[in-house]
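Read the structure below first, then the notes.
The values are calculated or read from the model by the stated rules, or taken from the named source; none is laboratory data. The structure presented is a predicted model; accordingly, all values stated were derived computationally and were not measured. FYI the Cβ positions are ideal-geometry reconstructions off the backbone, even for glycines, and counts take in every protein chain you see. The protein model used for the area step is the full one, side chains on, heavy atoms only, and it has no ligands, DNA or RNA in it. Shrake-Rupley method; radii C 1.70, N 1.55, O 1.52, S 1.80 Å.
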Number of protein chains: 4
Amino acid sequence: MVGHRVWAIPEGYIPGPSFSEAHDLVSHEAACILNASDSLASIELTLYSENREPAGPYPVSVDARRTRHFRFNDLNDPEPVPRDTSFSSLSRSDVPIVVQHTRLDSRDPHIALFGTVAFPVGS
Amino acid sequence: MVGHRVWAIPEGYIPGPSFSEAHDLVSHEAACILNASDSLASIELTLYSENREPAGPYPVSVDARRTRHFRFNDLNDPEPVPRDTSFSSLSRSDVPIVVQHTRLDSRDPHIALFGTVAFPVGS
Amino acid sequence: MVGHRVWAIPEGYIPGPSFSEAHDLVSHEAACILNASDSLASIELTLYSENREPAGPYPVSVDARRTRHFRFNDLNDPEPVPRDTSFSSLSRSDVPIVVQHTRLDSRDPHIALFGTVAFPVGS
Amino acid sequence: MVGHRVWAIPEGYIPGPSFSEAHDLVSHEAACILNASDSLASIELTLYSENREPAGPYPVSVDARRTRHFRFNDLNDPEPVPRDTSFSSLSRSDVPIVVQHTRLDSRDPHIALFGTVAFPVGS
């Protein structure tokens, strides 16, 4: 049983501009999810905003013994994630997972990065 | 019950200079707070310094099911936060929250970033 | 007993290009391991991918009262780690250790860095 | 009782070069310590190396209700910290504290930063 079922990422912000549209260099915000279990992980992401009710759930999944690095940029259903706008997220999984948060900010061609393990809020 | 009521951020430092005064690019230090509960979160921030008694409390709030990304730059009551000066902070909330710490350093036009989940010190 | 035996790093990505091949400046991804115990730590790393079964185990060790900063770039047995490819890792040790994750991205000569403590998933 | 008495920082590395010798811009590695208690915190730092026995203890202190941001660069007694060399550290305090780790890398004039909460290994 590697990890927890519910994870919070209080910080979220996708910079609108990017110096490059190459996939690896476009400004992005990601949730990197490890599912070390032997079962498919079905996960619902909920996005919290500063001035409206939460958006979602956004359903995603990670196969058994796999990782997936999801970009919040790519979430479109039920609605896209606004750029240049502060948000937070909760990930609720049916099996234990581990979640890490990364941003690549390429507004300037000399990119800035950060990454931190998310916060487990439920077993 | 998502999170904890008391959070510490030992690192704090607002660089005085910024290459740009645009809101998204000015040098800043932020506490990003997720309140996933169904109640308003009333929070008191206390700022610790290297050479004087703590400042505050600074009252802030986050509505139910909302996030807010507070900049320490914007705290003015009871007193502003000195620039170019090391500090630490404690956030005490009446409902469980999750806190993440971010700095954007734009002393140089090629910005540097970091972000890390704060440390929960009370349930 | 300083630390835990099993640690997860959900984020992993070794940028292929580097502006310099100098050892300290080549793009790299590292697991920094502290073994504060009085026994040798024998550790197995397992790497999880997005689209195939996990790779490994990769055996590494850290002497008693020592640290080692392992680069995923240097892992070659049983197989090298693909560049420009998302992965995750688990470290399983026979004695308690503490693990921190670092990336240095030198695709651009103005490097970007991040570092975060890994997530402990087993005592 | 805010925090823990023993904290680990597995990652440590002070880049030798800096583009500037200004105090705020020289390459440095810091342990930012919050002592929110009402007692002086007496702390011993031990530094772990890749190829020799640990160095220290380095005695430091943080007054009651104060923070201090210690630079490993400034530790000289019993011996200085080698530059361009991997290390780890343990901080042992007699009262609960909270520790965050920061690096500023100014080998290039466009600095890189990271910061992460350290890992609590003892109550």
Query raised in the report: So, in the stretch B:1-25, of the ones that are in a loop (DSSP other than H, G, I, E, B) and hydrophobic (A, V, I, L, M, F, W, C), which residue ends up most open to solvent (accessible area, probe 1.4 Å)?
Result: B:M1
Requested in this report: Of the conditions (1) at pLDDT below 95; (2) more than 25 Å from A:I111 (Cβ to Cβ), C:F19 clears all except one; give me its number.
Outcome: (2)
Requested in this report: Please indicate, with yes or no, whether at least one residue in the stretch C:26-43 is in a strand (DSSP E or B), closer than 21 Å to A:R66 by Cα and within 12 Å of chain D (Cβ to nearest Cβ).
Outcome: yes
Query raised in the report: Going through the stretch B:51-64 one residue at a time, which ones are assigned to a loop (DSSP other than H, G, I, E, B), within 25 Å of B:V98 (Cβ to Cβ) and open to solvent by 30 Å² or more (accessible area, probe 1.4 Å)?
Result: B:P54, B:D63
Report task. Provide a single number: the residues in the stretch D:7-45 that are under 10 Å from the mean Cα position of the chain (by Cα) and of a type in the set (V, I, T). Result -> 2
Report task. Report whether or not A:L34 is surrounded by fewer than 17 Cβ atoms within 10 Å (Cβ to Cβ) and within 24 Å of C:P54 (Cα to Cα). Result -> no
Query - B:A31 being touching a helix residue (DSSP H, G or I) at 6+ places or on another chain (Cβ under 8 Å) and at pLDDT 95 or above - result: yes
Report task. May I ask you to say which residue of D:D77, D:D108, D:D94 is at the interface with chain C (Cβ under 8 Å from one of its Cβ atoms) and either loosely packed, with under 14 Cβ neighbours inside 10 Å or over 19 Å from D:A55 (Cβ atoms) (or both)? Result -> D:D108
Requested in this report: Evaluate the following for C:S86: is it open to solvent by 10 Å² or more (accessible area, probe 1.4 Å), closer than 28 Å to A:D38 by Cβ and among the small types (G, A, S)?
Outcome: yes
Query raised in the report: Which condition number does A:Y48 fail, the rest of (1) at the interface with another protein chain (Cβ under 9 Å from one of its Cβ atoms); (2) open to solvent by less than 50 Å² (accessible area, probe 1.4 Å); (3) assigned to a loop (DSSP other than H, G, I, E, B); (4) modelled with pLDDT of 95 or more being met?
Result: (3)
Report task. Could you please let me know if C:T67 is within 10 Å of chain D (Cβ to nearest Cβ), assigned to a strand (DSSP E or B), in contact with a Pro (Cβ under 8 Å, 6 or more places away or on another chain) and open to solvent by less than 40 Å² (accessible area, probe 1.4 Å)? Result -> yes
